[in-house]
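Data block below; observations after.
The values are calculated or read from the model by the stated rules, or taken from the named source; none is laboratory data. Everything numeric here is computed off the predicted structure, so don't read it as measured data. Note that each Cβ is placed from the backbone with ideal geometry, even for glycine, and that neighbours are counted across all protein chains shown. The area values use the complete protein model at the heavy-atom level, side chains included, leaving out ligands, DNA and RNA. Shrake-Rupley method; radii C 1.70, N 1.55, O 1.52, S 1.80 Å.
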Amino acid sequence: MDIAQLLADFGDWAFDRHANVLSWYIRPLFLIPLAWFAHRRSGWGIAGTLVALATSMFWFPAPAQPDPRILEFLDFEREWITGAWDLQKIGQALLAPLALGAYCLAFWRRSVLWGVVLLNLMAGGKLLWGVLVGDGTGWAMTVPGLVGLLVCDAAVLWGLRRLQARRRRPASDPSAPRVLSSSSS
């Protein structure tokens, strides 16, 4: 068994499926449960979400007619991943896991403001990387990236409002007598 060929075949299969634009829309949405599990301090939830995020690029079938702009960006990404690695590329590659780690840490420490800041920096950074390093091919991910960012920002802010409302609600006194309504008697 040739491991290099097996990995190359898997890469072909995964990139063919990643050309399905649905995977481009769904991937940013994993940042919502990632924030939730980090806030709840669930290591298993964080790990499961990261596995789902990593594998979601090939959940959908390869499109019959892929968008040529998406294929151009995916060709850039594939060449970037499989090309020569230097210190600059290693630094760029480390930004994603470091940013995800900082994002989880922000929510773990209950700093929603820093979580939202990091969420927006990650999305903006990915778009900027695709456009600048990818010689403009990253424009293909602008709409899915911005839609995902808006949904994630809205979800995090909605969650924050719910938490704040819950904290403002007076806790019921467990020693107080229960009052039954007339419909339950």
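Observations
- Screening Val131 against (1) within 26 Å of Arg17 (Cβ to Cβ); (2) open to solvent by 60 Å² or more (accessible area, probe 1.4 Å); (3) in a helix (DSSP H, G or I) leaves a single unmet condition, (2).
- In region 1-113, counting only helices (runs of 4 or more DSSP H) that sit wholly within it, none holds 3 or more residues that are in contact with a helix residue (DSSP H, G or I) (Cβ under 8 Å, 6 or more places away or on another chain), open to solvent by 70 Å² or more (accessible area, probe 1.4 Å) and modelled with pLDDT of 95 or more.
- When Leu31, Leu94, Leu7, Leu74 are checked against the criterion of being in contact with a His (Cβ under 8 Å, 6 or more places away or on another chain) and of a type in the set (A, V, I, L, M), Leu74 stands alone in meeting it.
- Pair list, Cβ < 8 Å and 6+ apart or interchain, from region 134-154 residues that are on the phi < 0 side of the Ramachandran plot and outside any helix (DSSP H, G or I) to residues that are open to solvent by less than 70 Å² (accessible area, probe 1.4 Å) and not small (Gly, Ala, Ser): Gly134/Phe73; Gly134/Phe76; Gly134/Glu77; Gly134/Trp80
- Considering the conditions (1) open to solvent by 30 Å² or more (accessible area, probe 1.4 Å); (2) under 24 Å from Gln88 (Cβ atoms), Met141 is excluded by exactly one of them, (1).
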